[in-house]
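The structure under discussion appears below in the form of structure tokens.
Values quoted throughout were computed directly from the atomic coordinates according to the rules given, and no laboratory measurement underlies them. None of the values given here were measured: they were computed from a predicted structure. Don't worry about glycine lacking a Cβ; one is built from the backbone with ideal geometry, like all the others, and counts go over all protein chains shown.
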């Protein structure tokens, strides 16, 4: 069945010419199957780092528009090289830079957002049998300036392009063969999910499963783009699997998931630090007094737990920040101590956040209670808890991370048999 | 006195960030002097070769449009880095890619010709105090494709830009401090010329003085752009010379050269090979029979000497081709032997062309006779001669090159005292 596809290949998949040739064979296979194809490529692994190093060496504080001009050339190079490799396999192809399509962005250079991609001209060319090889990570902002989308932006390019050309599917080729119930390095019995909903994937992505950039998942959800995560290291010319099912994970609307599990996966993150303010005056406006200065300093606060004080005068406030911002956050709070009115600031970077994710939780009670009981049975102390409709997160001591993940993975029946 | 300048820096002048910072100081000096500045930059030395190597590795025969997309990114990188370095010195600057200006070219990808550069918008921005940092070597062809101008194309970019923005001067910063009467490695008493006419420079450039690309000199002559060749390795912040004369060579109209010499320089080239066809039937159309097949194979023929045959039936034909094309030329001629009707093909790559160049020759007789006599006195055999209005070229055995150049350099009074 003919389909219109976007195929996206990341930096490790195009690391050198040998890899780029391999990518070309993946593309040829899809073209040979009668599909209309647009490809989105990242820079060759290493190139972006070299370009960033040069920009930093030229000046510590650099104009983000010039930084983008320098860094975007990495994807320009790959797009041209892949077009050459495709042509040498007899596949009609041409490269497209962001400004040529154009992929219009806002002026948030360095982390720009895509505003518009006119798709009709590209659809016509793809339908005419010409593979479009699109430089990922880049677009064009006002005054014809080149803009980049930030780390992992090629995922976003691919999903946005898929929406623009009304693609049947956006295939993300990466160095793993899909999304797993948890990190297979920790739990050997982790299973690949054949399908996962956008909402669950968003939680997985933002909680440390590094398969897809969060923004690309949001975009896929908004535009209903089906995203298929698969490995670029499979033999590109292998015959289709006997059961007709290519190994990988489809990220889609929950309506398309027939066998709904209560819990789909266990995520964890060790990149967070905990800060507790003790004996804070419990009065209106105290939360603003704490989180205002942090926001002003661009520090993202994640889990927030405020205990109700016994006597209504003093309370404890606990929250997490990225480990990279920990020292800065402490300094900001110390400076604002008089305005907030806390007595003691305690903190730790030796903590981890473990999360249970599943859309089935909405309709099943007791999931959280089971979680807390199982962790308690293993002697794991829970420092803080936050929950959402489809997620339970607990903050624990970092040395317990692996034990907690394994315990919960078994508890919810995710272990591979 | 305020001037509008184009400053061009080649690959060795922007080889790394330290060099790029040095270039930024050259630019700052001109801005501080009240000048309006556009800068044209090449790729960092080494970058272009890496990009070419990747393109060749991807496929031996590559689409020149994709090749251009890959290779042009080298100049894009430098333009962004120099803009960053300028800003860090407090100089207002922005980078410009070929497609942003736009520098429109024809569709001769890989060696495209500039068709048009709209200058007014750029003039307004430069006049507003913003230094334009323009990526050299590139432009935009039809269908918004990136095109490159071929080897040394950044010189052409600089001169074309100077014409488009009606610059007072185009300064070419390079690794030598000007144009010399001959190669200083051969003649230690070679002198730097303070001025040279476009016509002479064209001959010098095409005969092996590798300071400037020939096409850029042609363009400068057509548009009357004054080109000043100077060193990028001078101290960029040095005070002006006591005599007010910056070391370098001005390439200009001959009317602007007050002290006209009969001979301005001696050039040589060892990159040519000689081919002689012996006993060719001397009949109409024989030259076409010889040079037609060579032209069809894209082999450039340079010096052509046809002797008049004694009896009007058989003649000898001698000409030169680039050494790189020598074997191919022999094969082409052998294949066409029946059609041409020669009896013996002789050839040699062990030859050199030495040329005496000077606009003063037009009005002075005896220059050629002096040349032949001086070479004869040194026992140097002349294999062939061609002359133009401002040039005498002799073909000699390669081992005599240095002796011939030194002899002629002294003969015409070019030695430094």
Residue A:416 paired with residue A:175, simple spin-label distance in nm, labels 7 Å along Cα-to-beta-carbon:
2.0 nm
Taking a ≥ b ≥ c as the square roots of the eigenvalues of the Cα gyration tensor, with a/c under 1.5 meaning rounded and otherwise prolate when a/b exceeds b/c and oblate if not, the range B:341-387 is prolate
Given an 8 Å cut-off on Cα distances and at least 6 residues of separation, report the relative contact order of the range A:4-254 as a percent.
21 percent
Run the numbers on the range B:260-417 and let me know its relative contact order in percent, using alpha-carbon pairs under 8 Å that are six or more apart.
32 percent
Which whole number gives the average, over all residues in A:188-196, of C-beta atoms from other chains lying within 10 Å of the residue C-beta?
0
Determine, from the Cβ-Cβ distance of residue B:381 and residue B:192 and an R0 of 30 Å, the FRET efficiency 1/(1 + (r/R0)^6), rounded to the nearest 0.05.
0.40
Highest to lowest packing among A:338-350, A:169-181, A:404-416, scored as the average C-beta count within 10 Å
A:169-181, A:404-416, A:338-350
Residues B:252, A:371, sorted so that the one with the fewest Cβ neighbours within 10 Å comes first:
B:252, A:371
Most mobile of B:388, B:269, B:73 per a Gaussian network model of chain B (Cα springs, under 10 Å)?
B:388
Mind checking the full-extension length gain between residue B:60 and residue B:271? Use 0.36 nm per residue of separation minus the Cα-Cα distance, one decimal, nm.
73.4 nm
Separation of the range B:1-69 and the range A:189-205 by C-alpha centroid, Å?
47 Å
Kirkwood Rh and Cα-based Rg: tell me the resulting Rg over Rh for the protein assembly as shown, rounded to two decimals.
1.11
How much of the DSSP bridge set in the range B:63-171 is antiparallel, in percent, rounded to the nearest 5?
50 percent
Kindly state, to the nearest 0.05, the FRET efficiency for residue B:289 paired with residue B:372, given R0 = 25 Å and r defined as their beta-carbon distance.
0.20
How do B:60, B:249 line up, fewest other C-beta atoms within 10 Å first?
B:60, B:249
The range A:5-130: translational diffusion in µm²/s, Stokes-Einstein, Kirkwood Rh over Cα pairs, 37 °C, 0.692 mPa s:
209 µm²/s
Taking a point 7 Å out from Cα toward Cβ as the label site, list the nm distances between residue A:116 and the same residue in every other copy, smallest first.
2.5
Would you mind estimating how fast the range B:101-240 diffuses translationally, via Stokes-Einstein at 25 °C and 0.890 mPa s with the Kirkwood radius over Cα pairs, in µm²/s?
151 µm²/s
Classified through the alpha carbon gyration tensor (a ≥ b ≥ c as square roots of its eigenvalues; rounded if a/c is under 1.5, else prolate when a/b is larger than b/c, else oblate), chain A comes out oblate
Peptide A:94-103: average number of partner chain Cβ atoms within 10 Å per residue?
4
Rounded to the nearest 10 degrees, what's the angle between the helix A:214-223 long axis and the longest principal axis of chain A, both from Cα atoms, 0 to 90?
70 degrees
Given a Förster distance of 45 Å, report the FRET efficiency between residue A:302 and residue A:18 from their Cβ-Cβ distance, rounded to the nearest 0.05.
0.65
Rounded, prolate or oblate: pick one for the range A:245-336, where a ≥ b ≥ c are the square roots of the eigenvalues of its C-alpha gyration tensor, a/c under 1.5 means rounded, and failing that, prolate if a/b is larger than b/c, else oblate.
prolate
So how tilted is helix B:367-377 from the main axis of chain B? Cα-based, degrees 0 to 90, rounded to 10.
70 degrees
Max mean-square fluctuation residue, GNM over chain A, Cα-Cα springs under 10 Å, options A:27, A:305, A:225
A:305
Given springs between every Cα pair under 10 Å in a Gaussian network model of chain A, which of A:106, A:255, A:68 has the largest fluctuation?
A:255
Axis-proximal residue, chain B, for the rotation superposing B on A (Cβ, Å):
B:73, 2
Distance between Cα centroids, the range B:328-355 to the range A:258-310: provide it in whole Å.
84 Å
Relative contact order of the range A:186-257, defined on C-alpha pairs under 8 angstrom at six or more residues apart (%):
48 percent
Residues B:391, B:270, B:378, sorted so that the one with the fewest Cβ neighbours within 10 Å comes first
B:378, B:270, B:391
Per-residue counts of other Cβ atoms within 10 Å, averaged by peptide: what ranking do you get for B:131-141, B:92-102, B:109-119, highest first?
B:131-141, B:92-102, B:109-119
For the range A:172-304, how big is the tail of P(r) above 17 Å, as a whole percent of Cα pairs?
67 percent
Expected integer from the mean partner chain Cβ neighbour count at 10 Å over B:51-60 is 6
Can you give the angle from 0 to 90° between the axis of helix A:73-88 and the longest principal axis of chain A, with both taken from C-alpha atoms, to the nearest 10?
40 degrees
Rotationally averaged projected area of the range B:260-417 (alpha carbon convex hull; nm²):
10.5 nm²
